[in-house]
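Below is one structure; the comments refer to it alone.
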Amino acid sequence: MTDAIAPRTNTSLQDRARTIMPGGVSHELRYRPTHPVYIDRALGAEKWDVEGKRYIDFKLGAASQLLGNARPEVMEAVAHQLSKTPYSGDCHALEIEWAEWIGKLIPSADLVRFTGSGTESTMLALRLGRAYSGKDKVLRIDGHFHGWHDMLLKGSKPGTDMPPSQGVPGAITDLTVVAPPSLDAIETCLAQDNDIGTIFVEASGANYGSVPLPDGFLQGIRTLATKANKVLIFDEVITGFRWSPGGRQALEDVLPDLTTLAKVATGGLPGGAVCGRRDIMDLLDPGKPLNGYAPPVSHKGTFNAAPLVAAGAIAAMKLLATGKEQAQADAMAQQLRDGFNDCFTRHGVMAHAYGDSSTCHLYFEGLSIAGKSAAEIRAVNPALVNGLRDGLLKRGVDFMSFTSCVTSSMHTAEIISEAIDKFDETIKDLIQTGVISK
Ligand code: PLP
């Protein structure tokens, strides 16, 4: 048990964590062979660990904190709601206001249902797709990530159609068809397999855009889905409210049938949502029974639309609706990508920083990712991933995952320039130690 006077260091906490939590962590990507950093507090574009060390934050709550860590407007709304009730398990006015915001901002959202997380959103959307189409199979794109549940795990690791986990039944994975991000290949799959009823796409391309979709892909898949009468689902768990106030679909002017949301959509608090076409979402309405089922599609969840989260999310929506937050985060990501590319040029490293919106991805195998598959883009040498992460952490910079990161509207030109300097020192180190070859 906790010893109040024991020193709280990253290593002592890890020792304690490993005795009670598998690997000492609550999420496998937080695991580090030595020890993770234990964050004590976060504000704006920065955070501090239990030893008082400061980090420039490009992880930002796994891309949920577009508005910056602990944004005062959101925190004040949460604190106010906490004084009333965090959660009672009842209907409440805030969930309606939050749903109205989503309905106003996301172009395809006729109706909204709240969930407990992004994973729960993709589970529910798939159940709706299956019920509406009457077909069990789902087509998903190689390398796209839709959460950790059984139904969409196969294909999340690029280049293989084995799920990256034991314990996933073959009977489930047999219902998941993995296709490359090629409209021709998808059209062929749909023509060959009449049991596919639903199509899932990560609206940014795999891994929040580290594998961007070909130009016109979202419009093209919309046309294919309409022609073949399939339910088209855009996973906007990362792109929703980040790419624009209306997500990627508003930017591309293309409407999916259903959209999955979480992260920014919840004001960076725990939760998620599914929204979409009225006739499909109506399957969740207990007042509209079908074939003896009321509601036709069942969905529960203790913490769906918890008032504490709804209060913070509404405060976030008011800021996100203006588009100013996204514009600032985008400008900071552009400055970061430019600075990283200048650094690569300065040191003669054949690498490339790229990304859409407020993201930045690094590719270390050449000056362009054009024509590369998801498996090729994501096959980063582990020594380099670890060296980069450790080198940056040592200097007080935290990336999100692998060689990718995101910015927030609280990043400033000064903070970005400081991060670029620290990145430069890290790259120099990795060249000197032979981890990066020129
Ligand atoms: N979909 C996408 C595109 C994601 O990036 C994620 C998580 O990173 C999920 C779904 C799952 O969301 P959650 O981690 O809230 O379950």
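Quick rundown of the values:
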quantity	calculated
Partner aspartates and glutamates for LYS135 [C-alpha distance under 19 Å; skip if fewer than 8 residues away on the same chain]	ASP150, ASP174, GLU187, ASP193, ASP195, ASP257, ASP279, ASP282
Dmax and Rg, reported as Rg then Dmax, of the range 17-66 (C-alpha, Å)	11.9, 34
Relative contact order computed over the range 196-251 (Cα-Cα under 8 Å; 6+ residues apart), in percent	42 percent
Residue-averaged 222 nm ellipticity for the chain, from DSSP H runs of 4+ at -39500 (n - 2.57), nearest 500	-11500 deg cm²/dmol
Shape of the range 147-267, Cα gyration tensor, a/c cut at 1.5	oblate
Charge sum, other residues only, whose C-beta stays under 14 Å from GLY143's C-beta, Lys/Arg counted +1 and Asp/Glu -1	0
Separation in nanometres of the label points that stand 7 Å from Cα toward Cβ, at LYS104 and GLU418	3.6 nm
Dipole magnitude of the chain, debye to nearest 20 (Cβ charges: Lys/Arg +1, Asp/Glu -1, about Cα centre)	500 debye
Length-normalised contact order for the chain - Cα pairs under 8 Å, 6+ apart - percent	20 percent
Cα shape, the range 40-171, gyration tensor, a/c 1.5 rule	oblate
Sum of side-chain charges, ASP429 neighbourhood, beta-carbon under 11 Å (Lys, Arg +1; Asp, Glu -1)	+1
Where labels lie 7 Å past Cα in the beta-carbon direction, separation of THR34 and HIS347 in nm	1.8 nm
Descending Cα extents along the principal axes, the range 355-438, whole Å	34, 32, 19
Summed side-chain charge close to GLY134 - residues other than GLY134 whose Cβ falls under 13 Å, Lys, Arg +1, Asp, Glu -1	+3
Highest to lowest packing among 293-302, 166-175, scored as the average C-beta count within 10 Å	293-302, 166-175
Stokes-Einstein D in µm²/s, Kirkwood radius over Cα pairs - the chain at 25 °C with 0.890 mPa s viscosity	108 µm²/s
Lysine-lysine proximity count for the range 232-342, Cα under 23 Å, sequence distance 8 or more or distinct chains	4
Value of relative contact order over the range 220-267, rounded to a whole percent, pairs C-alpha under 8 Å and six or more apart	42 percent
Shape category assigned to the range 72-320 from the gyration tensor of Cα positions, a/c cut at 1.5	prolate
Set of the range 406-433 residues, backbone N closer than 15 Å to the point 7 Å along the Cα-Cβ line of ASP390	426-427, 429-433
Separation of alpha-carbon centers, the range 324-382 and the range 232-293, rounded to whole Å	29 Å
Distance (nanometres) between label positions extended 7 Å along Cα→Cβ at SER12 and GLN192	6.0 nm
Signed unit charges on C-beta, dipole axis of the range 72-320, positive-most listed residue LEU175, ALA311, GLN219	ALA311
Sorted by Cβ neighbour density within 10 Å, fewest at the top, the residues LYS137, LYS394	LYS394, LYS137
Fewest-first ranking of PHE58, PHE364, using other Cβ atoms within 10 Å as the exposure measure	PHE364, PHE58
Sites LEU367 and LYS300 - FRET efficiency at Förster radius 51 Å, r taken between beta-carbons, to 0.05	0.50
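Read-outs: derived from the displayed coordinates by stated rules, not from any lab. Quantities reported herein were computed from a predicted structural model and do not represent experimental measurements. Counting neighbours? That spans all protein chains shown, and the Cβs are built from the backbone with ideal geometry, glycine included.
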